[in-house]
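Engineer: For reference, the structure I am asking about is given below.
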Amino acid sequence: MNDTWTIQAALEWTVGYLERKGDENPRLSSQWLLSEATGLSRIELYAHFDKPLSMEEREVLREYVARRGAGEPLQYITGEVGFRHISVKVEPGVLIPRPETEVLVSEGLAVLPAPPKRIAADALASDDLLAGAVERSEAAADGTADGAASMVEEDLLAAPDGKENGAARKAGSIGLDGTPELLVADLCTGTGCIACSIAYEHPETRVIATDIAPEAVALARKNAELLGLADRIEVIECSLGESVAAELIGSFDLVISNPPYIPTAVLADIPKEVSDFEPSLALDGGADGLDLFKPLVAWSVRALKPGAHMAVELHETCLDEAAAIARQAGFIAAKVVEDLAGRPRILVARKPFDEDEERR
């Protein structure tokens, strides 16, 4: 390259280099890397083609291009990935979220009661608080409610952000609109992308997320914190649901999971970008791809409340067998959902209601 590296020259050189290294989409990779090195958006790159790169930007780009040329996934280099309506941090040692898992989240959200309209619910809560305050104020004027003035002040101070005093609801059990909070288990959480998406998109959910890998647990906690969701997401280091509190068993509204599911024999054929850089612990599902699914189903049927659902992402060759295993465990209404490429990918099944409830 010339001594002066403009954005255009750097982009053209990077595209050619990555193309020679076998990158499947060298232009897209080059745009992402140059964007990350310069702090410009991909659109801004094209608006500043003649802008020279600083020496620091050149050094950063060289490092990024070398890593990408060696096959390292773009997401590990840039350190984050977009997932549905959020962006999550990604780090080596933790599985990178993929579009198929966005479909899994859609299916999980679809079987939960729809989230309330927050504006209307908050307005109603404020109206209720104000009405109660007025009643107590009037009672105080009649001399029938000692200390009502201070109670009015407390209510009005709490009203603007929808928060309640200690008597209003038990933490973690009642939502802002007075409805029961929905409890979700996200097993094998990885980056926490599923847990964070559900908590972000459905404000009446509380999520217990688990993973056996300490790196994943730390990253999931970080993502929940960065997204402002740490108060509704608890991340536990354990295998599947073994360390979930016993008192919660039987009360979950949804169990959702993207467990390791690639059959061991298939691992030999996956792209080197995946096999060389992503953790095998998060990929290998055993001989039939269902090593983790079988105990997951057994835990789920106990953990869910009657009528609640399980949603699991699996390998396209495993769905029929997985559905049979789920039915044998006691699930009903098992259905298979295709991914964005039209391949069988998601199993959704329901725990039956108790017989008495079914009659009603």
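Engineer: Please compare each pair in Lys305/Lys335; Lys222/Lys272; Lys117/Lys305 to a cut-off of 21 Å on the Cα-Cα distance and tell me which ones are over it. Each step should come with its number before you reach the end.
Structural biologist: On the way: Lys305/Lys335 19 Å; Lys222/Lys272 28 Å; Lys117/Lys305 25 Å.
Distance filter (> 21 Å) returns Lys222/Lys272; Lys117/Lys305.
Engineer: List the GluC sites (Glu not before Pro) in segment 283-337 that DSSP assigns to loop (not H, G, I, E or B) and whose Cβ has at most 12 other Cβ atoms within 10 Å. Which are they? Please list the in-between numbers first.
Structural biologist: Working: sites: Glu313, Glu316, Glu321; in loops: Glu316.
Taking segment 283-337 and a limit of 12 other Cβ atoms within 10 Å, no loop GluC sites (Glu not before Pro) are found.
Engineer: So for the pair Lys117, Asp320, with labels modelled 7 Å out along Cα→Cβ, what separation do we get in nm?
Structural biologist: Label at Lys117, label at Asp320, 4.7 nm between them.
Engineer: Set the Förster distance to 35 Å, then compute FRET efficiency between Glu242 and Ala70 from the Cβ-Cβ distance, nearest 0.05. Don't skip to the end; give the middle numbers.
Structural biologist: On the way: r = 38 Å, r/R0 = 1.08.
So the FRET efficiency works out to roughly 0.40.
Engineer: Put a dot 7 Å past each Cα toward the Cβ at Glu63 and Val336; how far apart are the dots in nm?
Structural biologist: A separation of 4.6 nm, rounded to one decimal place.
Engineer: Hey, can you rank 37-47, 324-334 by average C-beta count inside 10 Å, highest first?
Structural biologist: Per-residue mean Cβ counts within 10 Å order the peptides as 324-334, 37-47.
Engineer: Cβ under 12 Å from Lys294's Cβ, Lys294 left aside: what net charge do those residues give with Lys, Arg +1 and Asp, Glu -1? Spell out each step's value before the answer.
Structural biologist: On the way: positive: none; negative: Asp288, Asp291, Glu321.
Counting the neighbours of Lys294, the net charge comes to -3.
Engineer: Moving on to the next point. Along the principal axes of its C-alpha atoms, what lengths does segment 211-334 span, in descending order and rounded to whole Å?
Structural biologist: So the extents along the principal axes, rounded to whole Å, are 42, 39, 21.
The numbers here are math on the coordinates, done by the rules we state, and not lab data. Bear in mind the structure is a predicted one, so any value in this text is a computation, not a measurement. Glycine gets a Cβ as well: all are built from the backbone with ideal geometry, and neighbour counts include every protein chain shown.
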